[in-house]
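Only one structure is covered here, and it is reproduced in the block below.
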Amino acid sequence: ATCKPWQSGRFLPRVWERCQPLSRKGMDMTAGQGQQVSVQEKQVVKDLEKPLARRETETLFREQPETGNQYSEDALLRSYLKTHLPPKVLEEVNQDLERFGNRLLTKIKHLGWECELNPPVFQQYDAWGQRVDHIVTCSAWRRMKEIAAEEGLIAEAYERRYSNWSRLHQAAKLYLFSSSSGGFNCPLAMTDGAAKVIESLGIPGSLKNTFDHLTSRDPKKFWTSGQWMTERRGGSDVANGTETVARKQPDGTYRLYGFKWFTSAADSDVALTLARVADAEGQVKQGFSDLSLFFLKVRDEEGKLNSIQVQRLKDKLGTRQMATAELWLDGTKAELISAEGCGVASISNMLNITRIHNVIGAVASMRRMISLSREYARRRVAFGKLLKDHPLHMQTIARMEVQTRGAFLLLMEIIRLLGLVETNMASEQDQLLLRLLIPVTKLYTGKQASAVVVEAMESFGGQGYMEDTGLPVIVRDALVLSIWEGTTNILSLDVLRSLAKSQGQVMAVFFSTVQKKLELASSTAKLERAVEQMRDAVSSLARFMQAAGSRGATTMQLAARDFSYTVARIYAGALLIEHAARPDASSTDTSAARRWCNQELCPVAAALEKSSYEAEEVLMDSALVYEGSPA
């Protein structure tokens with residue numbers, strides 16, 4: 001049958017919809033399917049040899065890449081779960097992910113595209129001139145919320161059916177869901193973060209009902225949460241940028257007054273936000289130590305906004321499926337949930353979770369683009385042969401695959417550590433390592449995602465630039481991942497703070513953990529060269545830290561980004577080597593580890609040798625940036 005992008009008289013592009021019978025969807029990548037692919041490839045070439053008038057379909061329709069059950073086709077995810085999960089847990093998780101993969105393919109993917117086609121609309125006034133500030137979302141977006149509850153995308157982590165492996169089960173589902181979610185992965189990130197904050201506070205009685213809603217599997221009871229931190233004067237600089245004031249009321253509640261510049265998923269049910277508590281004279285203090293954390297419901301029992309005015313929806317480059325708004329809080333009723341002045345420490349649990357979700361989105365976007373690229377290479381003919389038969393084209397996709405594998409294993413490692421921490425099974429070393437790896441992994445995968453998805457888009461030629469293919473949507477949405485939850489530089493400085501706060505212990509744990517992973521693989525002959533390269537990189541990093549320690553704070557600050565990249569590359573390399581050293585590892589696992597280790601693993605040491613972190617470089621940087629511009 002011919003693909004029909006127009007149905008029922010309206011324009012509805014079927015992104016990468018198969019031109020084959022529906023019974024093919026969701027099949028495993030078996031030997032039989034490989035034979036079918038081979039037959040398809042021969043048919044493409046045979047079609048091209050026919051005169052145009054004799055072809056049954058235009059060649060372009062044959063070139064649409066088709067993907068099936070994401071879980072069945074993700075060999076790395078399946079091998080990771082097989083390696084780490086206990087047999088009984090693996091059996092149940094495998095069945096759930098297989099089922100979920102089929103649901104994504106047949107029921108959910110088209111909803112994600114509907115969300116893209118029907119972004120939220122802001123209705124400020126009703127027909128009679130009454131201000132209503134209503135954010136109108138499409139039915140597909142509302143259905144995504146129901147699906148999130150049905151699948152337990154938040155609940156799974158807090159029910160802990162599988163103890164410390166529950167987080168891994170949840171992360172795997174979110175990873176599969178992300179690319180089909182129509183942007184709903186963002187409100188889920190903040191909902192997970194809010195639930196984590198409430199749990200970390202001991203689930204106080206006043207928040208028990210809220211926690212139950214946030215972690216519910218019942219679509220009629222499930223709530224989503226916002227995270228309202230960014231104000232007009234600053235993003236990550238909450239200490240100096242937060243102007244919102246909280247005034248205590250006689251009944252013990254608070255009223256909030258302020259302006260929130262970015263509020264993602266503004267249609268959420270509840271929100272956590274920071275504010276400064278005013279004293280009896282109405283005065284507030286500045287700084288981190290005077291920020292407190294508040295919980296609020298967006299609407300009251302009658303469905304009216306809680307003294308909140310929506311100014312406008314943001315016009316964004318990407319994530320257009322989700323409502324991001326500017327909000328006035330004009331006496332918004334709220335509950336103080338942290339100790340007064342301890343808001344930043346209390347919300348840090350939320351930031352860790354949302355950063356992990358950011359990583360999930362980054363890895364998922366890379367995996368999705370590579371899956372489409374490799375399928376396209378099996379169908380697209382150029383210069384007389386399929387793209388998969390052009391060595392340079394396959395080398396390009398292989399390089400993207402290596403980057404994605406490294407990112408995936410970094411993600412799984414922080415999820416594994418988080419599961420241990422949440423079930424009180426983590427050692428002090430595990431906790432230190434998690435503190436280091438969360439910002440490192442978030443900043444590195446955010447950059448990786450931007451590079452990989454743009455490279456993958458190029459692999460489709462001009463088709464990659466066409467809106468109705470859906471590829472530009474993936475690219476646009478991925479570009480925010482290096483900005484959300486802290487930019488690359490902000491997180492690089494956070495990495496340095498983790499070193500300072502632990503008085504260097506975190507790096508001792510890092511070096512020890514990497515060395516142990518390399519030692520376990522040292523007897524694997526095919527990985528010998530990769531292990532040697534990794535050990536050289538570890539030695540170079542150790543020498544850098546010793547040298548930088550004698551040069552002062554400026555050197556480390558200038559080196560912060562390269563240092564974070566180095567930590568990410570070395571640790572990802574150790575994980576790839578560990579995965580490739582398994583008894584049942586594939587040749588692909590070995591190749592990925594070896595190729596990863598062929599890159600510059602310790603850029604921070606290389607830059608130090610070139611004197612890139614000297615104090616005078618600061619002046620030179622400013623001169624280069626502002627040469628010829630007005631003072």
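The values are calculated or read from the model by the stated rules, or taken from the named source; none is laboratory data. As the structure is a prediction and not an experimental result, all values here were calculated from the model. Every residue, glycine among them, receives a Cβ derived from its backbone with ideal geometry; neighbour counts consider all protein chains shown. Accessible surface areas use protein heavy atoms only, side chains included; no ligands, DNA or RNA. Shrake-Rupley method; radii C 1.70, N 1.55, O 1.52, S 1.80 Å.
Give the long-range amide H neighbours of Val132: residues separated by 5 or more places, or on another chain, with amide H under 5 Å away, using H modelled in the peptide plane at 1.01 Å from N.
Excluding prolines and chain starts, which carry no amide H, the hits are Tyr125, Asp126.
Could you order peptides 142-150, 179-187, 251-259 by the average number of other Cβ atoms within 10 Å of their residues, highest first?
My ranking of the peptides, most packed first, is 179-187, 142-150, 251-259.
From the mean inverse distance of alpha carbon pairs (Kirkwood) and the Cα radius of gyration, derive Rg over Rh for the stretch 501-621.
Ratio value, two decimals: 1.04.
For a protection proxy built on the mean count of beta-carbon atoms within 10 angstrom, sort 587-596, 296-305, 556-565 highest first, please.
556-565, 587-596, 296-305
Amide H to amide H, which residues 5 or more places from Thr263 or on other chains are under 5 Å from it, using H placed in the peptide plane?
For Thr263, whose amide H was placed from the backbone, the distant partners under 5 Å are Ala325.
Checking the cross-link filter: which aspartates and glutamates have an alpha carbon closer than 16 Å to that of Lys442, excluding same-chain neighbours under 8 positions apart?
Glu413, Asp477, Glu485, Asp494, Asp562
Give the accessible surface of the stretch 497-612 per residue, rounded to a whole number of Å², with probe radius 1.4 Å and ligands, DNA and RNA excluded.
Normalised by residue count, the accessible surface of the stretch 497-612 is 48 Å².
Across the stretch 281-409, how many lysine pairs, 8 or more apart or on two chains, come within less than 24 Å at their alpha-carbon atoms?
5
The stretch 200-231 to the stretch 98-154: how many Å between their Cα centroids?
19 Å
Scan the chain and note any complete DSSP helix (H) whose C-alpha atoms cover at least 27 Å along its axis and whose Kyte-Doolittle average is -0.5 or more.
343-377, 391-422, 428-458, 528-549, 553-580
Using mean Cβ contacts within 10 Å as the protection proxy, how do 414-421, 491-498 order, highest first?
414-421, 491-498
In nanometres, what is the gap between the two model label sites at Ala606 and Lys88, each 7 Å from Cα along Cα-to-Cβ?
5.0 nm
Please give the per residue accessible area of the stretch 228-318, computed with a probe of 1.4 Å over protein heavy atoms only, in Å².
That works out to 49 Å² for each residue.
Show which lysines lie in cross-link reach of Lys107 when reach means a straight Cα distance below 19 angstrom and same-chain residues fewer than eight apart are skipped.
Correct list for Lys107: Lys4, Lys25, Lys145, Lys173.
For the stretch 195-311, what is Rg from Cα atoms divided by 2.2 N^0.38 Å, rounded to two decimals?
Its radius of gyration relative to the 2.2 N^0.38 Å reference: 1.10.
For the chain, calculate the relative contact order in percent as a whole number, restricting contacts to Cα pairs under 8 Å that are 6 or more residues apart.
Averaging sequence separation for qualifying contacts and normalising by length gives 11 percent for the chain.
Could you give me the ³J(HN,Hα) list for the stretch 238-247, computed from phi with Karplus coefficients 6.51, -1.76, 1.60 and θ = phi - 60°, whole Hz, x at Gly and Pro?
Calculated HN-Hα couplings, in order: 5, 4, 9, x, 8, 10, 4, 10, 10, 10 Hz.
May I ask for the percentage of alpha-carbon pairs in the chain that lie more than 49 Å from each other?
Of all Cα-Cα pairs in the chain, 14 percent lie more than 49 Å apart.
Just flag the GluC sites (Glu not before Pro) in the stretch 579-631 sitting in loop per DSSP whose Cβ has no more than 16 other Cβ atoms within 10 Å.
Those that pass, being in a loop and sparsely packed, are Glu600, Glu614, Glu627.
Checking the cross-link filter: which aspartates and glutamates have an alpha carbon closer than 19 Å to that of Lys208, excluding same-chain neighbours under 8 positions apart?
Partners within reach: Glu156, Glu159, Asp192, Glu199, Asp218, Asp269, Asp300, Glu301, Glu335, Glu422.
Return the distance in nm (one decimal) between the two label points of a simple spin-label model at Gln309 and Ser163, each offset 7 Å from Cα along Cα→Cβ.
5.6 nm
At 222 nm, what value in deg cm²/dmol follows for the chain if DSSP H runs of at least 4 each add -39500 (n - 2.57) and the sum is divided by all its residues, to the nearest 500?
For the chain, the value works out to -17500 deg cm²/dmol.
Determine the share of the chain's accessible area contributed by carbon and sulfur atoms, expressed in whole percent, with a 1.4 angstrom probe.
52 percent
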